[in-house]
Amino acid sequence: MHAGDHPVYPDCRPTFVSLFSQTMQIANEGFLKPAFTVEAPFVHMTKAEIIRVGYSLDRMVDYSKTWSCYKGGDTHCGRCSTCVERAEAFNIAGHRDPTVYADGEFWRTVTGQEVL
(Lines give C-alpha, C1' and ligand atoms only; values in the text may rest on other atoms or scores of the structure.)
Protein backbone atom coordinates (compact mmCIF):
# COMPACT_ATOMS: atom_id res chain seq x y z
CA MET A 1 0.00 0.00 0.00
CA HIS A 2 1.49 3.32 -1.08
CA ALA A 3 0.36 6.79 -2.09
CA GLY A 4 0.08 5.84 -5.77
CA ASP A 5 -2.59 3.27 -4.93
CA HIS A 6 -5.10 5.83 -3.56
CA PRO A 7 -6.86 6.73 -6.83
CA VAL A 8 -7.16 3.11 -7.93
CA TYR A 9 -7.87 1.07 -4.80
CA PRO A 10 -10.29 2.37 -2.13
CA ASP A 11 -8.87 -0.07 0.43
CA CYS A 12 -5.42 1.55 0.05
CA ARG A 13 -6.54 4.98 1.20
CA PRO A 14 -5.67 6.46 4.61
CA THR A 15 -9.34 6.76 5.56
CA PHE A 16 -9.87 3.05 4.95
CA VAL A 17 -6.88 2.14 7.12
CA SER A 18 -8.08 4.40 9.93
CA LEU A 19 -11.64 3.10 9.86
CA PHE A 20 -10.49 -0.52 9.53
CA SER A 21 -8.26 -0.05 12.58
CA GLN A 22 -11.19 1.39 14.54
CA THR A 23 -13.41 -1.50 13.45
CA MET A 24 -10.85 -4.09 14.57
CA GLN A 25 -10.48 -2.36 17.93
CA ILE A 26 -14.24 -2.44 18.49
CA ALA A 27 -14.57 -6.01 17.21
CA ASN A 28 -11.85 -7.24 19.57
CA GLU A 29 -12.65 -5.07 22.57
CA GLY A 30 -12.05 -7.05 25.72
CA PHE A 31 -10.39 -9.95 23.85
CA LEU A 32 -6.97 -8.59 22.98
CA LYS A 33 -4.67 -7.05 25.55
CA PRO A 34 -3.04 -4.75 24.82
CA ALA A 35 -5.27 -3.24 22.18
CA PHE A 36 -3.80 -3.02 18.70
CA THR A 37 -3.96 -0.72 15.73
CA VAL A 38 -3.65 -1.38 12.03
CA GLU A 39 -0.58 0.37 10.66
CA ALA A 40 0.16 1.31 7.07
CA PRO A 41 3.58 2.96 7.31
CA PHE A 42 3.95 3.59 3.59
CA VAL A 43 0.45 4.86 2.83
CA HIS A 44 1.68 8.43 2.23
CA MET A 45 4.90 7.47 0.42
CA THR A 46 5.63 6.89 -3.26
CA LYS A 47 7.16 3.62 -4.43
CA ALA A 48 10.47 5.41 -5.02
CA GLU A 49 10.47 6.72 -1.44
CA ILE A 50 9.75 3.21 -0.14
CA ILE A 51 12.67 1.83 -2.16
CA ARG A 52 14.96 4.47 -0.69
CA VAL A 53 13.84 3.50 2.83
CA GLY A 54 14.67 -0.14 2.10
CA TYR A 55 18.16 0.80 0.96
CA SER A 56 18.72 3.07 3.97
CA LEU A 57 18.05 0.43 6.61
CA ASP A 58 20.95 -1.09 8.52
CA ARG A 59 19.84 -4.43 7.19
CA MET A 60 19.03 -3.45 3.62
CA VAL A 61 15.94 -4.96 1.99
CA ASP A 62 16.81 -7.64 -0.57
CA TYR A 63 14.57 -6.41 -3.36
CA SER A 64 15.52 -9.41 -5.51
CA LYS A 65 13.25 -11.43 -3.21
CA THR A 66 10.23 -9.18 -3.65
CA TRP A 67 7.47 -9.67 -6.19
CA SER A 68 5.32 -7.11 -7.96
CA CYS A 69 3.98 -8.65 -11.18
CA TYR A 70 0.24 -9.18 -11.54
CA LYS A 71 0.74 -11.96 -14.10
CA GLY A 72 2.62 -14.36 -11.84
CA GLY A 73 4.94 -17.04 -13.13
CA ASP A 74 8.69 -17.34 -12.73
CA THR A 75 9.63 -13.98 -14.24
CA HIS A 76 8.06 -10.54 -13.97
CA CYS A 77 6.29 -9.75 -17.25
CA GLY A 78 7.55 -6.16 -17.42
CA ARG A 79 4.34 -5.00 -19.09
CA CYS A 80 1.61 -4.96 -16.44
CA SER A 81 1.00 -1.73 -14.54
CA THR A 82 2.75 -2.84 -11.39
CA CYS A 83 5.86 -3.99 -13.28
CA VAL A 84 6.00 -0.61 -15.02
CA GLU A 85 5.51 1.24 -11.72
CA ARG A 86 8.21 -0.86 -10.04
CA ALA A 87 10.82 -0.31 -12.75
CA GLU A 88 10.01 3.40 -12.86
CA ALA A 89 10.23 3.70 -9.06
CA PHE A 90 13.66 2.07 -8.92
CA ASN A 91 14.82 4.46 -11.63
CA ILE A 92 13.45 7.50 -9.79
CA ALA A 93 14.98 6.25 -6.52
CA GLY A 94 18.36 6.02 -8.25
CA HIS A 95 18.81 2.30 -7.64
CA ARG A 96 19.15 -0.60 -10.05
CA ASP A 97 16.10 -2.85 -10.04
CA PRO A 98 17.34 -6.41 -9.42
CA THR A 99 14.20 -7.83 -11.00
CA VAL A 100 14.42 -9.83 -14.21
CA TYR A 101 11.64 -8.81 -16.60
CA ALA A 102 10.42 -10.68 -19.68
CA ASP A 103 10.20 -7.23 -21.32
CA GLY A 104 12.68 -5.01 -19.53
CA GLU A 105 12.32 -2.03 -21.87
CA PHE A 106 8.55 -1.60 -21.92
CA TRP A 107 8.43 0.64 -18.82
CA ARG A 108 10.58 3.26 -20.57
CA THR A 109 8.24 3.30 -23.56
CA VAL A 110 5.22 3.87 -21.30
CA THR A 111 6.79 6.40 -18.92
CA GLY A 112 9.11 8.17 -21.35
CA GLN A 113 11.90 8.00 -18.77
CA GLU A 114 15.55 7.54 -19.48
CA VAL A 115 17.60 5.47 -17.10
CA LEU A 116 18.92 7.89 -14.50
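Would you confirm whether or not the range 95-103 contains a residue that is surrounded by 11 or more Cβ atoms within 10 Å (Cβ to Cβ), part of a helix (DSSP H, G or I) and either more than 14 Å from the chain's Cα centre (by Cα) or not assigned by TED's automatic domain parsing to the domain that holds LEU116 (or both)?
no
From the residues in the range 11-38 that are without any contact (Cβ under 8 Å) to a residue 12 or more places away in the chain, over 22 Å from SER81 (Cα atoms) and under 20 Å from the mean Cα position of the chain (by Cα), which one is surrounded by the most Cβ atoms within 10 Å (Cβ to Cβ)?
Among residues in the range 11-38 that are without any contact (Cβ under 8 Å) to a residue 12 or more places away in the chain, over 22 Å from SER81 (Cα atoms) and under 20 Å from the mean Cα position of the chain (by Cα), the one surrounded by the most Cβ atoms within 10 Å (Cβ to Cβ) is PHE16.
With the condition kept exactly as written, say whether any residue in the range 16-23 is under 23 Å from ALA102 (Cβ atoms) and either part of a helix (DSSP H, G or I) or in the same structural domain as HIS95 (by TED's automatic domain parsing) (or both).
No, there is no match, as no residue in the range 16-23 is under 23 Å from ALA102 (Cβ atoms) and either part of a helix (DSSP H, G or I) or in the same structural domain as HIS95 (by TED's automatic domain parsing) (or both).
Please work out which one of (1) of a type in the set (Phe, Trp, Tyr); (2) within 15 Å of LYS47 (Cα to Cα); (3) over 15 Å from the mean Cα position of the chain (by Cα) is the condition TRP67 fails and give its number.
(3)
For SER68, only one of the following conditions fails: (1) closer than 24 Å to ASP11 by Cα; (2) at pLDDT 95 or above; (3) part of a loop (DSSP other than H, G, I, E, B). What is its number?
In the conditions (1) closer than 24 Å to ASP11 by Cα; (2) at pLDDT 95 or above; (3) part of a loop (DSSP other than H, G, I, E, B), SER68 misses (2) alone.
Which condition breaks for HIS6 when tested against (1) within 20 Å of LEU116 (Cβ to Cβ); (2) crowded, with 16+ Cβ neighbours inside 10 Å?
(1)
What about GLU88, is it under 15 Å from the mean Cα position of the chain (by Cα), under 21 Å from LEU116 (Cα atoms), buried (at least 17 other Cβ atoms within 10 Å of the Cβ) and of a type outside the set (A, V, I, L, M, F, W, C)?
Yes.
State all residues of the range 46-66 that are surrounded by 10 or more Cβ atoms within 10 Å (Cβ to Cβ) and either among the hydrophobic types (A, V, I, L, M, F, W, C) or touching a strand residue (DSSP E or B) at 6+ places or on another chain (Cβ under 6 Å) (or both); if no residue qualifies, say none.
Passing the criteria: ALA48, ILE50, ILE51, VAL53, VAL61.
Can you pull out every residue in the range 73-90 that is of a type in the set (S, T, N, Q) and in contact (Cβ under 8 Å) with a residue 40 or more places away in the chain?
Passing the criteria: none in range.
The values are calculated or read from the model by the stated rules, or taken from the named source; none is laboratory data. Keep in mind that this is a model prediction, so the values were computed, not measured. No Cβ is skipped: glycine too gets one built from the backbone with ideal geometry, and neighbour counts run over all protein chains shown.
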